[in-house]
Each structure stands twice: as structure tokens, then as C-alpha cells.
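My questions will all concern the structure given below.
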Amino acid sequence: MQTLAQTLKQQAVSPALSQLLLTLAQSSVAISQAVRHGALAGVLGATTQENVQGETQKKLDVITNEMLKDALKAESTVRALASEEEDHIVEVGDIGEFLVCFDPLDGSSNIDINSLVGTIFSVLPAPEGEISEQSFLQKGSEQLAAAYVLYGPSTMLALTTGQGVQLFTLNPDSGEYLLTNEAVNIPKDTAEFAINMSNQRFWEAPMQTYIADLLLGKIGPREKSFNMRWIAAMVGDVHRVLSRGGIFTYPTDNKNPDKPYKLRLMYEANPMALLVEQAGGKASTGYQRILDIQPEQIHQRVAVILGSANEVDACLEYHQQDYSGEPEL
Ligand code: AHG
Ligand code: MN
Ligand code: MN
């Protein structure tokens with residue numbers, strides 16, 4: 001089986017980008033080991049700190065963030081990084097061509113129940129001159145590469161450099177990623193959705209109506225039965241979508257008026273949107289293609305609807321309708 005390095009060579013990815021992607025992959029192997037040791041390594045549980053978004057950091061959020069930061073500081077191709085767990089951007093070098101955004105541990109509420117977690121990466125070009133937060137505020141369509149690593153029953157890496165999506169499986173004996181799917185293709189149609197249903201009363205009318213119609217199954221306007229899944233880790237849910245199709249959404253809600261969206265644009269929505277589009281799917285906020293959003297802040301949040309192309313389109317149709325005359329749901 002082909003290794004990650006061989007695949008990057010075959011794709012004619014530049015030596016600098018290959019070097020960076022191999023460094024990120026190598027770090028994820030170390031993270032995978034930390035995750036696998038769990039309680040034995042004393043890595044479970046929470047810290048007493050909060051991140052810039054007011055979320056209590058798990059020990060593994062902090063450990064994985066430090067691991068990635070250390071690896072990128074030693075990586076000559078990178079100028080600066082932005083992380084979910086860092087208030088501000090971190091400059092790491094003077095000569096690199098790239099900026100890296102990452103979510104070091106996605107799904108961290110799963111860690112203490114020994115369930116799925118992952119890491120998400122986005123690589124952007126570093127502009128010339130001084131680097132500031134402004135340098136990171138590039139549309140998702142500018143990403144040079146996007147990837148996630150899923151620490152599941154096997155550790156898997158999903159990668160795009162703009163040439164489709166490849167899936168690699170970590171050989172735990174050799175510590176090498178081997179190519180196990182060279183061209184991921186998300187089925188256009190699906191009968192599976194993923195949403196946190198407990199927020200239902202807080203959604204806007206289009207999402208309320210869309211999900212209500214899915215739940216009606218065969219007797220509803222969609223005329224088919226839908227199944228539901230929710231892993232509570234975007235990496236797990238997106239991996240299922242890449243593997244067998246589906247629609248995943250974390251929509252706008254009014255639970256907390258200061259925080260109408262949950263997922264972060266720069267290191268969750270954008271890299272996942274690029275992976276999904278490269279695999280033949282779609283990714284939208286309901287009103288705009290995610291990859292077309294002009295970011296305003298590195299930690300900004302956004303509504304996400306992604307997955308099987310025809311199902312995302314079906315959901316978007318609900319967002320085109322005018323609900324103003326209808327009674328509140
Ligand atoms: P993180 O652990 O990096 O903060 O991300 C968690 C995100 C995302 O991965 C997942 O889809 C969602 O939060 C889960 O939200 P609920 O807790 O509302 O289910
Ligand atoms: Mn996350
Ligand atoms: Mn996280």
C-alpha cells in the first residue's frame with residue numbers, strides 16, 4: 001500500500017507543502033498515542049482554565065495544542081498558526097510559506113467517555129510581509145490543503161490538496177499512514193441526517209420545517225424514511241458523511257443570543273467544507289457557500305450544513321422560502 005509521502009509525491013504536491021503535511025501527520029501519530037493511553041497516561045479530565053471562547057479546557061485540549069505548537073515551531077515552512085486553544089495567532093517562523101489553523105482536539109466532550117475525537121487542520125498561504133491576525137482572514141476557497149485525523153477504532157487521516165480526497169489508515173505497528181481510499185466520493189442522495197435534536201426549539205423556521213419534514217418519513221413531503229446519527233464530534237460525523245453520505249448540520253440557534261452559531265469557521269467549517277466539496281458534496285450556511293465567506297475574526301463561528309449534494313440542496317430550498325407570515329414554531 002502507498003504511504004502518505006508517496007501519495008504526495010504522486011500528486012506533485014510542492015516539497016514545502018509535503019513537508020508540512022508530513023509534519024502534521026507525524027504529530028497526529030503522537031496525539032493518537034496520547035489518546036490511546038487515556039487514563040493510563042493521566043490525560044483525561046478537565047483543567048481549571050478556559051479558552052478564549054469561554055469553554056473549560058480539557059487536559060487533552062491543552063496537551064494536543066502544545067504538541068502541535070511545538071511541532072510547528074520546529075517546522076520551517078510555517079510562519080504562524082491559529083488554534084482553537086490560543087487566544088491570538090502565534091508566530092512561529094520568519095521564512096515559511098504557510099499559515100496553519102487547527103482544532104487540536106475536536107469533540108473534546110467525548111474524551112472522558114472514550115468516544116470519538118479528532119484533529120482538524122487548514123493550511124493557507126502566508127502573505128508577504130508582516131504577519132498579523134489579518135493575514136489569516138482569507139476565504140476558505142484559498143486553502144491549499146485541509147485534513148482531519150479521526151482517533152477511532154483505527155486512526156484515519158482524510159486529506160485534500162485540491163485533488164479530491166484521500167483516506168489513509170494509520171498502521172499502528174509502523175506508525176505510517178497508508179492509503180486506503182484514493183478517491184472519496186460522497187453519494188449525492190442520502191436518508192441519514194445528523195443534528196443535535198435537543199436544540200430544536202431554538203432553531204430558525206427553515207431548519208425547524210426541514211427537520212420536521214424529514215421526521216415525517218414516508219408520509220411527509222420527502223416521501224422516505226430518514227435515520228439519525230449524532231456523534232458530538234464533527235470529525236466523527238463528517239467522516240461518516242465521507243464514508244456513506246448523509247447531511248450534517250449545526251444550524252443557527254437562539255439558545256444564547258450572543259452565540260447563534262457553534263462551529264468555528266477557520267478551523268472547523270472551512271477545512272471540512274473543502275474536504276466535503278472535494279469529495280463531491282456541498283457545504284453551506286443555509287444562505288452562502290461556506291468557502292466563500294470573508295472571515296472577520298480567527299475565532300468567528302458560523303452555521304454549517306454539509307454533506308450529500310442533493311440533500312444539502314433540499315435543505316437550502318427551505319432557506320429560500322419566506323416564513324414571515326407563518327405562526328412561530
Ligand atoms: P470542540 O470539542 O473542538 O469544542 O468541538 C465540538 C463541536 C463539534 O465537534 C461537534 O459537532 C459539536 O461541538 C457538538 O456539539 P454538542 O455538544 O451541542 O452536541
Ligand atoms: Mn471542534
Ligand atoms: Mn477542539
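The values are calculated or read from the model by the stated rules, or taken from the named source; none is laboratory data. Predicted model, so just to flag it, every value in this text is computed and none were measured. For the accessible areas, the whole protein counts, side chains as well, though only heavy atoms, and no ligand, DNA or RNA atoms are used. Shrake-Rupley method; radii C 1.70, N 1.55, O 1.52, S 1.80 Å.
Taking amide H positions as placed 1.01 Å from N in the peptide plane, with prolines and chain starts having none, which residues 5 or more places from Asn181, or on another chain, fall under 5 Å of its amide H?
Leu167
Rounded to whole Hz and in sequence order, give me ³J(HN,Hα) for region 164-174 from the Karplus expression 6.51 cos²θ - 1.76 cosθ + 1.60, θ = phi - 60°, writing x for Gly and Pro.
x, 10, 10, 10, 10, 10, 6, 7, x, 6, 9
Now a separate question. Hey, what do the phi angles of region 194-200 turn into as Karplus ³J(HN,Hα) couplings, whole Hz, using 6.51/-1.76/1.60 and θ = phi - 60°, x for Gly and Pro?
In residue order, the calculated couplings are 10, 7, 7, 4, 5, 8, 3 Hz.
Follow-up. Could you give the Stokes-Einstein D for region 192-320 in µm² per second, using the C-alpha Kirkwood radius, 37 °C, 0.692 mPa s?
The estimated diffusion coefficient comes to 224 µm²/s.
Any chance you could give the angle, 0 to 90 degrees and rounded to 10, that helix 205-215 forms with the longest Cα principal axis of the chain?
Tilt of helix 205-215: around 80 degrees.
With both bridge residues required to lie in region 1-141, what share of the DSSP beta bridges run antiparallel, to the nearest 5%?
Beta bridges within region 1-141, antiparallel portion: roughly 70 percent.
Which residues' amide hydrogens lie under 5 Å from the amide hydrogen of Lys58, considering only partners 5 or more residues apart or on another chain, with H built in the peptide plane?
Result for Lys58 returns Thr47.
Please compute the Cα-Cα pair-distance distribution of the chain with 20 Å bins starting at 0, giving whole percents from short to long.
Whole-percent P(r) values from 0 Å outward: 32, 58, 9, 0.
Using only Cα atoms and rounding to the nearest 10 degrees, what angle (0 to 90) does helix 234-244 make with the longest principal axis of the chain?
The two axes meet at around 70 degrees.
Here is a follow-up. Can you pull the percent of the chain's accessible area that's carbon plus sulfur, 1.4 Å probe, other chains left in place?
Solvent-exposed carbon and sulfur of the chain make up 48 percent of the total.
Here's a follow-up. Rounded, prolate or oblate for region 85-168? Axes are the square roots of the Cα gyration tensor eigenvalues, ordered a ≥ b ≥ c, and the cut-off for rounded is a/c under 1.5.
Oblate, because a/c is 1.5 or more while a/b does not exceed b/c.
Looking at the chain as a GNM with Cα springs under 10 Å, which of Gly246, Gly45, Gly118 has the largest mean-square fluctuation?
Greatest mean-square fluctuation among the candidates belongs to Gly45.
Could you give each residue of region 128-139 its phi-based ³J(HN,Hα) in whole Hz, using Karplus coefficients 6.51, -1.76, 1.60 with θ = phi - 60°, and x for Gly or Pro?
Karplus-based 3J(HN,Hα) across region 128-139 equals 5, x, 4, 9, 9, 4, 3, 4, 7, 7, 10, 4 Hz.
Sort Tyr250, Tyr267 from largest to smallest accessible area, using a 1.4 Å probe on the heavy atoms of the protein chains.
Tyr250, Tyr267
Just check region 4-184 against the gyration tensor rule for me: Cα atoms, a ≥ b ≥ c as the square roots of the eigenvalues, rounded for a/c under 1.5, and otherwise prolate or oblate depending on whether a/b exceeds b/c.
oblate
Could you work out how far the C-alpha centroid of region 1-67 sits from that of region 133-189, in angstrom?
Region 1-67 and region 133-189 have Cα centres spaced 13 Å from each other.
Let me ask another. Quick one: accessible area per residue over the chain, 1.4 Å probe, rounded to a whole number of Å²?
Per residue, the chain has 43 Å² of solvent-accessible surface.
Next question. Determine the relative contact order of region 192-320: mean sequence separation of Cα pairs under 8 Å and six or more apart, normalised by residue count, in whole percent.
The normalised contact order for region 192-320 reaches 27 percent.
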